[in-house]
Amino acid sequence: MAAAMGFSSFITRQSIQSKNEIKYTKRVVERKPTKLFAIPRRNYISSSSSPSPARTVMQFYSAINDKNLKKLDSLIAEDCLFEDYSFPKPFRGKKEVLRFLEQLTTCMGHNMKFNVDHICEGNDYTAGVNWHLDWNKIQVPFTRGCSYYSLLVKGDQLVIGKAQVLIESPIKLGVVALTIFKIVSTLFDAFPAATEWFLKSPHIVFRLLLNTCNVCIKPIISPILACRRLHYRESDQWSEEWRK
């Protein structure tokens, strides 16, 4: 009986499909292929073959680890745009980017190194990288990141024309992040005109918030800080008298 019902349902589906005569149109979609591969670090850095985005990016991280500012200078384009989303503004131009990289290498100390996990290379002189930081070959928590690089041809080599860097947040909001996202999207939908104004000029809103903090919070915090300074000053005077 079940087999008969299944057979009848099969016939019904076939008859429906034949009546509707569903037609499919094929369309050719051109996609740029990418190459995804694990990183043979030493081979990439020391290889003398033709330049590639992946090899150039690996040389970039190697120069940072070695604190080789001269090598970094040769890998950065004159009009480079470096967007590290931990900072409010991007670094524009070779001079600003190199100043930032010099500060970065100084802050890394002697044992902190970039360790590249994977790299994805595109045919249009682009490369995407997953990385983390190691201290003395031990992975440091909350230091994972991913970067995207767009490179330019300069003579017989490639240089970095644009960089975008995203770093793992040490604060894991989890479900709270979804709740905040829902609240924000609801407010945006409820006040579309104000939302459009805010998205087009967020710096004005941030400036208003800073001014509000200066007006409301600064008068409260300033006396507290003044009292602490006075306390430390009296403590220093007392310690000097005690030494005498």
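The values are calculated or read from the model by the stated rules, or taken from the named source; none is laboratory data. The shown structure was predicted, so the numbers you read here are calculated from the model rather than taken from an experiment. A quick note on method: Cβ atoms are made from the backbone with ideal geometry, for glycine too, and the neighbour counts reach across all protein chains shown.
Say we look at segment 67-85 and pick out the residues that are loosely packed, with under 13 Cβ neighbours inside 10 Å and over 17 Å from residue 158 (Cβ atoms); which of these is modelled with the lowest pLDDT?
85
Looking at segment 148-173, which of its residues are without any contact (Cβ under 8 Å) to a residue 40 or more places away in the chain and within 11 Å of residue 81 (Cα to Cα)?
150
Given the conditions (1) farther than 24 Å from residue 101 by Cβ; (2) not in a helix (DSSP H, G or I), and given that residue 195 satisfies all but one, which numbered condition is not satisfied?
For residue 195, the failing item is (2).
Could you tell me whether any residue of segment 91-103 is more than 30 Å from residue 202 (Cα to Cα) and either part of a helix (DSSP H, G or I) or modelled with pLDDT under 95 (or both)?
Looking through segment 91-103, at least one residue is more than 30 Å from residue 202 (Cα to Cα) and either part of a helix (DSSP H, G or I) or modelled with pLDDT under 95 (or both).
Yes or no, residue by residue, for (1) closer than 25 Å to residue 72 by Cα; (2) of a type outside the set (A, V, I, L, M, F, W, C); (3) exposed (fewer than 10 other Cβ atoms within 10 Å of the Cβ); (4) not assigned by TED's automatic domain parsing to the domain that holds residue 66:
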residue	(1), (2), (3), (4)
129	yes, no, no, no
134	yes, yes, no, no
146	yes, no, no, no
158	yes, no, no, no
180	no, no, no, yes
188	no, no, no, yes
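With the checklist (1) under 21 Å from residue 141 (Cβ atoms); (2) modelled with pLDDT under 95; (3) of a type outside the set (A, V, I, L, M, F, W, C) in hand, flag the one item residue 88 doesn't pass.
Condition not satisfied by residue 88: (1).
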